[in-house]
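Notes to accompany the following structure.
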Amino acid sequence: MRILQNISKLLDQVEYLPATLAVTLLGGAVGGGGAEIRLLLAFLSNLLLFSCAVVYEKIESAPADVYETELAQQNPIAAGEVSLRFARTTGVVLALLSLAAAAMLGPLNIVLVFFGFLISIALSHHSLRLGSAPLMRLEKHQALLSAIFGLSGFLATAQHLKFEAILLVVFLLSIGILFAAWTAESAPKLLRKPILIVLFVFASGSAYVLFVVFEAISPLVLLLIVLASLILTWARNRFSSQKQNLPQILLDSLIISTALSLMLTHLIPLFL
């Protein structure tokens, strides 16, 4: 029981699960749908990879977090609740399990996992700390890892790269960076208005081709995602006791709605 409690503390109650599920299912839908077992393996691999990244981030930031009371409370290693050895062991196990799940899907999925490891190191290593930038923070959502997770889901159903995969990566990166800039406390100087406009054009253009021209997701499912997102945003903004800014509420609602809607598209045919 204590081991599970320590793992839970390291993984932040897996707050990133909805985002990981949403982008994996989205990638699977763009890849052609079906192949539920392979899609489940892709989701497990992605979830384990994100979990490994979270643990690694806590390991790398622990020495500095010790001197900041607020940060130490968020980092069980810095707070002395979890040993460094246990955290490292957990990270290695998560990495191996992620690779094992990817190996059942194919060599391209293994490459994606290794690329995910490199991104995680770049985001969190003490000598790099790219994750300290407002656009690259490793929180519930991360644009670079989302692109990898989407590609993993795509390969789980398509099993080979197609033009749609490029559009998917462009969409996930551009929309992820846009939301990161929108939800950041202070917008990075890098993202001046022209760059934001370019990102919006890429996001809307790739979305139009994927979801309107190629119809990667049926119009009814897209309508369900939009309506559910609006309802969740309104409900959380109206009734939630926790204070969150509207962009963050909208992003969380969109992620949850996407995950639930795409899950239904896979589950309903199984019971018919």
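Read the figures in this text as sums done on the coordinates, not as results from a lab. Note that the structure is a prediction, hence the values are computed from the model and not measured. FYI the Cβ positions are ideal-geometry reconstructions off the backbone, even for glycines, and counts take in every protein chain you see.
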message: Between 0 and 90 degrees, rounded to the nearest ten: what's the tilt of helix 219-239 against the longest Cα principal axis of the chain?
response: 40
- prompt: With labels modelled as points extended 7 Å from the Cα through the Cβ direction, what inter-label distance (nm, one decimal) is found for L161 paired with E68?
  reply: 3.7
- prompt: Among rounded, prolate and oblate, which fits the range 108-237 when a ≥ b ≥ c are the square roots of the eigenvalues of its C-alpha gyration tensor, a/c under 1.5 means rounded, and a/b larger than b/c means prolate?
  reply: oblate
message: Among 10-17, 146-153, how do they line up by average Cβ neighbours within 10 Å per residue, starting with the highest?
response: 146-153, 10-17
message: Give the residue list of chymotrypsin sites (Phe, Trp or Tyr not before Pro) in the range 62-125 that are DSSP loop and have at most 11 other beta-carbon atoms within 10 angstrom.
response: Y67
Positive-end extreme of charge dipole, the range 43-156 - chosen from V111, P76, A143 (charges on Cβ): V111
query: Of (1) 20.0, 59; (2) 18.6, 57; (3) 19.2, 54, which one was derived for Rg and Dmax of the Cα atoms in Å from the structure shown?
result: (2)
- prompt: Looking only at V213, V93, V170, which one moves most when the chain is put into a Gaussian network model with springs between Cα atoms under 10 Å?
  reply: V213
task: Return the whole-Å distance between the Cα centroid of the range 1-34 and the Cα centroid of the range 218-262.
output: 18
field: Degrees between helix 84-103 axis and first principal axis of the chain (Cα, 0 to 90, nearest 10)
entry: 20
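If r is the Cβ-Cβ distance from S8 to I195 and R0 is 22 Å, what FRET efficiency results, to the nearest 0.05? Each step should come with its number before you reach the end.
Details: r = 39 Å, r/R0 = 1.76.
Calculated transfer efficiency: 0.05.
For S204 and M1, FRET efficiency with R0 = 51 Å and r from the beta-carbon atoms, rounded to 0.05?
Approximately 0.55, to the nearest 0.05.
Which value in deg cm²/dmol, rounded to the nearest 500, describes the helix-derived mean residue ellipticity at 222 nm for the chain, given -39,500 (n - 2.57) per DSSP H run of n ≥ 4 and division by the residue count? Don't jump to the answer; show the numbers that get you there.
Numbers: 11 runs with 194 residues, N = 272.
That comes out to -24000 deg cm²/dmol.
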message: Report the number of Lys pairs in the chain whose alpha-carbons are under 17 Å apart, with separation of 8 or more residues or on distinct chains.
response: 4
